[in-house]
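Engineer: One structure coming up, written as structure tokens, with questions to follow.
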Amino acid sequence: MSREMLSQVMEAAGKTAQGKTAVTHLVNFSCQKIKSIKKPDELVAEAGQFIDALSLLFPQPAVAAILSETLSNELESSLSNNASYFERGSIFSPLLSVTTVIDGTVSPMLLKDPKYGCFTELRNFPDVSGSELDSCCVHLQDGLHRCHDLVYSAILRILKLKSPRTSVVLGWLAAIMSLNELRAGPKFRGQKTQGICSDGFMLNICAVLLQLSKPFHSFSPSARKLGLIACDYTSSPSCRLLFRNEPCLASGYITGDEEKVTDPKRFLAPESEFKFTTEC
């Protein structure tokens, strides 16, 4: 199928409820197939066709519009769940959950998990040769980067749809950061904590956010945009980020208004006076 034909099919699908459901199922199916690969270093080799399929789907404006509706629904659902909802129930969770990061204490039983097989099954583990380890890391990083690129391309395409789609995806990102704020507390020592997203998931979402921030990097050709960021955004009532339990140096928290987190509009910030550059 040519790209032009794919665009027309997706556009037609986006005009009906059945078509939107079909596209959502297609994306979910591909994401789950990627997640089903047991060893992360074999991701590209074993699920390359599904990665390629999503790389064709996500840039489509019609698909981006459907995904923005899905993220809007996720945003509302997250407020009646805990922060780990995004890792369990998001349409992007299979892509953002690919990791070899260990949560909690390392134990021999834990290392028997298939996802650590890319390391534990290397010859003479743990005394592995440098060349074998380098080869493993190259394949592993390739798979992780492909997953990051997929989520990044989907989010970027939604952002290009303009308001109110832009507000939805920024609100979705703000909800993930805000509802996982306990991770930033002084008492969080990397231990596995119920109700929040894992280290691997948060590292992946941060990798996507770093890609989104490229226009503001000092070495970027468009780095002049850095001066357009309003420094008072985080202290403004329009800030999408929610600081309910802001950590302080005394190993405690500054407790804020608990009611705000029950309202999805808190993250959507529809009347923000700040421009997109600042909010992004």
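Engineer: State in Å² the accessible area per residue of region 1-130; use a 1.4 Å probe, count heavy atoms of protein chains only, and round to the nearest integer. The partial results should precede the final answer.
Structural biologist: Numbers: 6840 Å² over 130 residues.
Roughly 53 Å² per residue, with all protein chains present.
Engineer: Can you tell me, using C-alpha contacts under 8 Å and at least 6 residues apart, the relative contact order of region 1-156 as a whole percent?
Structural biologist: Working: 135 pairs, mean separation 49.9, N = 156.
In percent, rounded to a whole number, it is 32.
Engineer: Something else now. Which value results for Rg/Rh of region 1-119 when Rg is the Cα radius of gyration and Rh the Kirkwood radius based on the inverse mean 1/r?
Structural biologist: 1.05
Engineer: Just add up the charged neighbours of Leu161: K/R +1, D/E -1, any other residue whose Cβ is under 14 Å from the Cβ of Leu161. Don't jump to the answer; show the numbers that get you there.
Structural biologist: Working: positive: Arg157, Lys160, Lys162, Arg165; negative: Glu11, Glu69.
Here the count lands on +2.
Engineer: Would you tally the net charge around Leu26, using a Cβ to Cβ cut-off of less than 13 Å, leaving Leu26 out, and scoring K and R as +1, D and E as -1?
Structural biologist: Values: positive: Lys20, Lys33; negative: none.
Once all neighbours under 13 Å are counted, the net charge is +2.
Engineer: Using the basic label-point model (7 angstrom from Cα toward the beta carbon), what is the Ser135 to Arg123 distance in nanometres?
Structural biologist: According to this spin-label approximation, the distance is 0.8 nm.
The values are calculated or read from the model by the stated rules, or taken from the named source; none is laboratory data. The shown structure was predicted, so the numbers you read here are calculated from the model rather than taken from an experiment. All Cβ positions, glycine included, derive from the backbone under ideal geometry; neighbour counts span all protein chains shown. SASA here: full protein model, heavy atoms, side chains in, ligands and nucleic acids out. Shrake-Rupley method; radii C 1.70, N 1.55, O 1.52, S 1.80 Å.
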